[in-house]
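Right, one structure below, let's go through it.
The values are calculated or read from the model by the stated rules, or taken from the named source; none is laboratory data. Only a predicted model underlies this, so the values are computations on that prediction, with no experimental measurement involved. Note that each Cβ is placed from the backbone with ideal geometry, even for glycine, and that neighbours are counted across all protein chains shown. Accessible surface areas use protein heavy atoms only, side chains included; no ligands, DNA or RNA. Shrake-Rupley method; radii C 1.70, N 1.55, O 1.52, S 1.80 Å.
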Amino acid sequence: MKTAFVTGSSRGIGRAIALRLAKDGFKVILHGITKSNHIKVLKDTIEKNGGTAEIVTANFCDLESTRSIFGAVSDADVLVLNASLQYRTPWQQITTEACYEQLNCNFVSSMLLIQAAVPHMKEAGWGRIITIGSVQEAKPHPDMLVYSASKAAQTNMALSLSRQLAKDGITVNNVAPGVICTDRNVEALSDPVYAKQVADSIPVGFYGEPEDCAGIVSLLCSDEGRYITGQSIYVDGGKSIQ
């Protein structure tokens, strides 16, 4: 049984991906900042459906905390880097502390986790690394400068590594969601005027669900996805081309 490590898997997109990969037959290592009730329920759900799951905790804003889970990551055949931190702040008001927190969580920790995971994948001659980016790589939100920049940096890293790791049987791709109905977006989309403005900016005319992102990740993690690498795939209802 292959092992898939999914960061930020207690809710939203990460949760949907974890459920899908468990259904696909992977042992899933779930990650959250703490052993919250959300992640415990997810583990129970996977196990009740015949799957296998474990939980690890780490705060990716703290690089020493990231390093504390290297042991779990070092046995992963699949690494899905979904965890991220997003602050809404006008660019003139961004503090260095907030900048470093987002960069550590969204980019530096991703790099460190990839460094920990790749040796096992190379030895096995098979591996899948998927970064979860954002439509903001193409359409940056004016109040999320560091978030959009860090996601673009993560994707550029994935594209660079795809060339370097292809010969080892490891594919590396980015999946960039658009506006997805998750806890992160509930408050902003509760404003009907803003919600309509956002919906009107999406060619298909509606928001996505976390499960809309899980299908492409499932494909990329499968043997059927073996010939796909070095790609950044938008799952955004066409928003990135508006």
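What to note about this one:
- For residue 53, distant residues with modelled amide H under 5 Å away: 28
- Taking the chain as a Gaussian network of alpha-carbon nodes connected by springs under 10 Å, the highest mean-square fluctuation of the residues 80, 217, 179 belongs to 179.
- Charge dipole (the stretch 163-218, unit charges on Cβ, about Cα centre) - positive-most of 218, 202, 185: 218
- Charge dipole (the stretch 1-154, unit charges on Cβ, about Cα centre) - positive-most of 1, 126, 65: 1
- Positive dipole terminus of the chain, leading residue within 31, 173, 99 (C-beta point charges): 173
- Computed magnitude of the charge dipole of the stretch 183-227 (debye, nearest 20; Cβ of K, R +1, Cβ of D, E -1): 140
- Residue with peak Gaussian network fluctuation, the chain [Cα springs, cutoff 10 Å], from 72, 58, 195: 195
- Whole-Hz couplings from phi, Karplus 6.51/-1.76/1.60, listed for the stretch 79-84; x for Gly and Pro: 10, 10, 9, 9, 4, 7
- Residue-count net charge about residue 213 - beta-carbon cut-off 12 Å; Lys, Arg +1, Asp, Glu -1: -2
- In Å², nearest 10: area of residue 207 left accessible to a 1.4 Å probe: 50
- The share of accessible area on the stretch 179-242 that comes from carbon and sulfur is 55 percent, using a 1.4 angstrom probe.
- Top of 89, 52, 171 by mean-square fluctuation, Gaussian network on the chain, Cα under 10 Å: 89
- Using a probe of 1.4 angstrom and keeping all protein chains present, the accessible surface of the chain works out to 48 square angstrom per residue.
- Rounded to 10°, Cα long-axis angle of helix 37-48 versus longest principal axis of the chain: 50
- Those lysines that a straight Cα-Cα span of less than 19 Å connects to residue 167, excepting residues fewer than 8 apart in one chain: 122
- Per-residue ³J(HN,Hα) for the stretch 197-212, Karplus 6.51 cos²θ - 1.76 cosθ + 1.60, θ = phi - 60°, Hz, x for Gly and Pro: 4, 5, 4, 5, 8, 9, x, 6, x, 8, 7, x, 10, x, 5, 5
- With respect to the chain, whose longest principal axis is taken over its alpha-carbon atoms, helix 145-165 is tilted by about 30°.
- Cα-centred dipole magnitude for the chain, charges only on beta-carbon of K, R (+1) and D, E (-1), debye, nearest 20: 300
- Overall, the accessible surface of the stretch 20-168 at a probe of 1.4 angstrom is composed of carbon and sulfur to the extent of 52 percent.
- Summing Cβ point charges (Lys, Arg +1; Asp, Glu -1) relative to the Cα centre of the stretch 1-139 gives a dipole of roughly 480 debye.
- Ellipticity at 222 nm from helices only: DSSP H runs of n ≥ 4 in the chain, each -39500 (n - 2.57), divided by the residue count, give -13000 deg cm²/dmol.
- Within the chain, longest stretch free of exposed trypsin sites (Lys or Arg not before Pro) [DSSP loop, at most 12 other beta carbons within 10 Å]: 89-225
- Here's the picture: a label point sits 7 Å out from the Cα of residue 224 along the beta-carbon direction, and within the stretch 175-192 the residues with their amide nitrogen under 20 Å of it are 175-176.
- Too-long pairs where the Cα-Cα distance tops 31 Å, listed order kept, from 2/196; 2/239; 2/35; 35/196; 35/151: 2/196; 2/239; 35/196
- Karplus-derived 3J(HN,Hα), 6.51/-1.76/1.60, for each residue of the stretch 14-23, Hz, glycine and proline x: x, 4, 4, 5, 4, 4, 5, 5, 5, 5
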